[in-house]
Amino acid sequence: MKILITGAAGRLASDFARHFQNAGHDVIATSRQTLDVSNHDQRAQVLTQHQPDVVINCAALCDVDVCEREQALAFSINESAPAHMATVSKNVGAYFIHISTDYVFDGLSAVPYSEEDTPHPVSVYGLSKHAGEIAVREANDAALVIRVAWVFGPGKPGFVDYVLRSLQSDTPLSVITDKWSSPTYTLDAAMGLESVISKKPAGLLHMTNHGSCSWWEYAEGVRQAALSAHLPLKQEVIGKMRLGDMTKFVGKRPPMTSLSTDKFKRITDIQMPPWTHAVNRYIKGLAEKQGIIG
């Protein structure tokens with residue numbers, strides 16, 4: 001297949017591109033330099049020029065606080081751009097996949113959200129992403145919106161890397177205990193996405209690793225994985241703090257946005273690996289690169 005991926009400089013898109021290239025597909029990985037998704041004419045030109053079989057839109061304005069300050073930009077990139085790409089993809093016969101987020105929910109549920117639950121965003125970021133979901137599905141009834149959360153992987157440093165660096169430093173680390181979601185390992189997501197593309201479902205789909213955790217449990221999982229991989233650590237204890245302690249946040253963060261992946265399993269017949277296993281594999285890979293194990 002010919003697969004066009006936007007936002008290729010990002011963590012998720014870069015690992016998607018690598019996975020599909022290694023699988024033998026013709027991948028066009030576009031960054032802002034080759035496809036500025038905020039440019040209407042360029043969106044149409046690039047998609048029409050390449051005539052892809054599949055378009056995976058990973059481009060987004062994801063900084064929650066920047067979205068609060070730059071609301072017009074947030075809606076331009078997170079709503080208008082994907083809606084137009086969904087339309088152009090339909091016109092060229094491409095299967096369109098749009099990546100969305102757990103932040104479309106208000107975080108007040110006591111159980112993981114399913115695709116049937118009604119979104120209720122509490123930030124401009126969440127509002128713009130939800131608007132994008134609606135606009136994409138209205139523009140292209142064959143399109144698929146995939147929600148992910150707490151993404152980590154080798155394509156770009158993220159929370160897991162931050163925790164590991166902190167544990168290897170002399171600076172004390174404290175992590176929030178009262179915010180929960182479902183981590184997503186980019187390499188697992190890429191394999192899952194390949195299976196999804198073979199089925200070509202439309203609508204909404206959650207695709208994260210199995211299970212959920214708090215930010216603190218996520219960080220503690222990193223610490224335990226680092227110990228198992230024999231990585232040197234300077235800290236043995238991760239401090240605890242509350243979401244309300246983060247007074248510098250501009251945009252509101254929903255407290256509980258764990259995602260159910262039951263529908264993903266029904267469609268693909270694949271159970272995504274538990275997030276703890278994913279973190280262990282990622283940390284083990286970092287240790288192997290450093291020559292510590294392997």
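Counting only DSSP beta bridges whose two residues both lie in the chain, roughly 5 percent are antiparallel. Full extension of the chain between residue 33 and residue 281 gives 86.0 nm of extra length, using 0.36 nm per residue less the Cα-Cα distance. Compare 128, 169, 198 in a GNM of the chain, Cα atoms joined below 10 Å, and give the one with the largest fluctuation. Highest fluctuation of the listed residues: 198.
Label separation (residue 202 vs residue 138): 1.7 nm, computed from points 7 Å beyond Cα along the C-beta direction. A Cβ-based charge dipole, computed about the Cα centre of the stretch 88-231 with Lys and Arg at +1 and Asp and Glu at -1, lands at about 380 debye.
Can you list residues whose amide H is under 5 Å from residue 158's amide H, if they're 5+ apart or on another chain and H is modeled 1.01 Å from N? For residue 158, whose amide H was placed from the backbone, the distant partners under 5 Å are 153.
Build a GNM of the chain with springs between Cα atoms under 10 Å: which of 60, 23, 202 gets the top mean-square fluctuation? With Cα springs under 10 Å in the chain, the top fluctuation among 60, 23, 202 is at 23. How big is the Rg/Rh ratio for the chain, C-alpha atoms only, Rh by Kirkwood, two decimals? For the chain, the value is 0.96. Fully extending the segment from residue 76 to residue 262 would add 63.8 nm, taking 0.36 nm per residue of separation and subtracting the current Cα-Cα distance. Shown for 240, 179: other C-beta atoms within 10 Å of each C-beta, ranked fewest to most, produce the order 240, 179. Where in the stretch 123-161 does the label zone of residue 9 land, with the point 7 angstrom along Cα→C-beta and an amide N cut-off under 19 Å? Those under the cut-off are 153-159. Distance between the pseudo-spin-label points of residue 250 and residue 115 (7 Å out from Cα toward the beta carbon): 3.4 nm. Per residue of the chain, the DSSP helices (runs of n ≥ 4 H) give a summed -39500 (n - 2.57) that works out to -12500 deg cm²/dmol at 222 nm.
With the charge dipole of the chain set up from +1 on Lys and Arg Cβ and -1 on Asp and Glu Cβ about the Cα centre, the Cα lying farthest toward the positive end among the listed residues 132, 264, 143 is that of 264. Annotation: amide H-H contacts under 5 Å for residue 259 (H modelled 1.01 Å from N, sequence separation of 5 or more, or interchain): 113, 182.
Scanning residues 5 or more positions from residue 61 or on other chains, those with amide H under 5 Å from its amide H are 78, with H placed 1.01 Å from N in the peptide plane. Judged by the mean number of other Cβ atoms found within 10 Å, the most tightly packed of the peptides 219-225, 82-88 leads the ranking 82-88, 219-225. Between residue 170 and residue 289, the contour length at 0.36 nm per residue exceeds the Cα-Cα span by 40.5 nm. Electrostatic bookkeeping for residue 103 treats Lys and Arg as +1 and Asp and Glu as -1; over the other residues with beta carbon under 12 Å from its beta carbon, the sum is +1.
Quick check: from the Cα gyration tensor, does the stretch 209-251 come out rounded (a/c under 1.5), prolate or oblate? Oblate shape, in that a/c is at least 1.5 and b/c is the bigger or equal ratio. Please say if the stretch 187-294 is rounded, prolate or oblate, where rounded means a/c under 1.5 for a ≥ b ≥ c the square roots of the C-alpha gyration tensor eigenvalues, and otherwise the choice is prolate for a/b larger than b/c and oblate otherwise? Oblate shape, in that a/c is at least 1.5 and b/c is the bigger or equal ratio. Sorting 159, 105 from the fewest to the most surrounding beta carbons within 10 angstrom yields 159, 105. Rounded if a/c is under 1.5, else prolate if a/b beats b/c, else oblate: with a ≥ b ≥ c from the C-alpha gyration tensor eigenvalues square-rooted, which is the stretch 239-294? It comes out oblate by the Cα gyration axes. Computed over neighbours whose Cβ is under 15 Å from that of residue 84, the net charge equals -2, Lys and Arg +1, Asp and Glu -1. Helix 11-22 and the longest principal axis of the Cα set of the chain meet at an angle near 70°. With R₀ fixed at 35 Å, the C-beta to C-beta distance from residue 234 to residue 65 puts the FRET efficiency at about 0.70. Spin-label pair residue 269-residue 224: with each label point 7 Å from Cα along the Cα-Cβ axis, the two points sit 3.2 nm from one another.
Every read-out reported here was derived from the displayed coordinates using simple, explicitly stated rules and does not represent laboratory data. Nothing here was measured: the structure is a model prediction, and the numbers come from that model. Here Cβ is always computed from backbone atoms with ideal geometry, including for glycine, and neighbour counts include all displayed protein chains.
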